[in-house]
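Here's the structure, in structure tokens; my notes come after.
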Amino acid sequence: MANPTIIVHGGAGNWPKNKHAIGLSGVRKAATRGFQILQQGRSAIQAVEAAVIEMEDNPIFNAGKGSTLNFEGNVEADAGIMDGKTLRGAGVALLHQVKNPISLARIVMEKTDHALLAGKTVERLGEAYGLPKANLRLPERIRQWKQARRELENGSIKYFSRNLKLVHDKGRLFLGDTVGALAMDQRGNLAAADSTGGVSLKLPGRIGDSPILGAGLYADNKLGAATATGVGEIAMRLVVSKAACDEMQSLTAQRAASKTVRHVTRLAGRGLGILSLDREGRYGIAHNTLHLCWAAETKDKGLVSQMVGSR
Ligand code: GLY
């Protein structure tokens, strides 16, 4: 019997100091929720879904209820899930009012022949399965969006230079504080899941890495599991989650994550974080952003958590 393990993150990026404690408390709750499920002998898929739901329901995170807003002030949430035993996986994208996008991704994975569905029609699939709807435009996010739009007009810009050119030749976009979870269950099966509102002020219709297998997440019992956070465009171009899993053929989870992030820094610059979990149940964390908020739980080490990058 394998030692059950779960590791979750609440997003890479720039975590303001006054949000460190609440972010850490959120990832600890999510890891504990997933670990309870593993301890009950249930599957890695059930554990990662439950852990991500916990974070989607917590408005501190940019996923589900806390989703950031696009350029027009609307939510377009993405999520993905993958089963390392069967290599089945699916993503959902551009969701406006599904309370838990991760559960819809699981429905697409288990009930359809597809690996990626987007928009209003996939929301109808969620309705058919009784998934709850929610208003995902929280007042706090609307306030942040208004401020970001004001800063856009002022022109203090770091990201998405071509979008910025498109949008009045100036603007400001933030990193996406995606949430993610990786688990190994008692049978040694691996799973990965992630969910996000995407990057704030993204252009309407933009889909990030989170619903894309290989980019935002990947799980293969023969390799390992990985999930990415940060600028989705980088994760997609460098297919970082599959790259980290391939590295785990010969490296531990930590070495694989660190090597993948070094590769990203060299080829694409800063803006990415990776969690990894190898076949032995060892986990790894690497990032080239300012912060990354994570928690893990195992029998040996108990519950541990960290806001990496904070002093
Ligand atoms: N990693 C989240 C996004 O770029 O959408």
Quick check: is even one residue across segment 15-33 more than 23 Å from K120 (Cβ to Cβ) and not in a helix (DSSP H, G or I)? yes
Among the candidates R143, R149, R172, residue that is modelled with pLDDT under 95, over 17 Å from V48 (Cα atoms), under 24 Å from the mean Cα position of the chain (by Cα) and more than 16 Å from the ligand (Cβ to nearest atom): R143
Within segment 205-243, considering residues that are over 14 Å from the mean Cα position of the chain (by Cα) and assigned to a loop (DSSP other than H, G, I, E, B), the one nearest to the ligand (Cβ to nearest atom): R206
Picking from L104, L38, which residue would you name as being in contact with a Pro (Cβ under 9 Å, 6 or more places away or on another chain), modelled with pLDDT of 95 or more, open to solvent by less than 30 Å² (accessible area, probe 1.4 Å) and in a helix (DSSP H, G or I)? L38
Is it the case that segment 129-136 has a residue that's buried (at least 24 other Cβ atoms within 10 Å of the Cβ), out of contact with any Phe, Trp or Tyr (no Cβ under 9 Å at 6 or more places or on another chain) and touching a residue at least 40 places away in the same chain (Cβ under 8 Å)? yes
Among (1) open to solvent by 10 Å² or more (accessible area, probe 1.4 Å); (2) within 16 Å of the ligand (Cβ to nearest atom), where does H263 come up short? (2)
Taking into account only those residues within segment 176-202 that are away from the ligand (no atom under 12 Å from the Cβ) and open to solvent by 10 Å² or more (accessible area, probe 1.4 Å), which is nearest to A12 (Cα to Cα)? N189
For segment 229-254, how many residues meet the condition of being more than 18 Å from A44 (Cα to Cα), surrounded by 24 or more Cβ atoms within 10 Å (Cβ to Cβ) and of a type in the set (A, V, I, L, M)? 5
Select from segment 210-228 the residues that are open to solvent by 10 Å² or more (accessible area, probe 1.4 Å) and of a type outside the set (F, W, Y) and write down the one among them that is nearest to Q186 (Cα to Cα). N221
Which condition from (1) part of a helix (DSSP H, G or I); (2) over 14 Å from the mean Cα position of the chain (by Cα) is the one that K202 breaks? (1)
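The values are calculated or read from the model by the stated rules, or taken from the named source; none is laboratory data. What you are looking at is a predicted structure, and each value in this text was computed from that prediction instead of being measured. All Cβ positions, glycine included, derive from the backbone under ideal geometry; neighbour counts span all protein chains shown. To get the accessible areas, we keep the full protein, side chains included, count just its heavy atoms, and leave off ligands, DNA and RNA. Shrake-Rupley method; radii C 1.70, N 1.55, O 1.52, S 1.80 Å.
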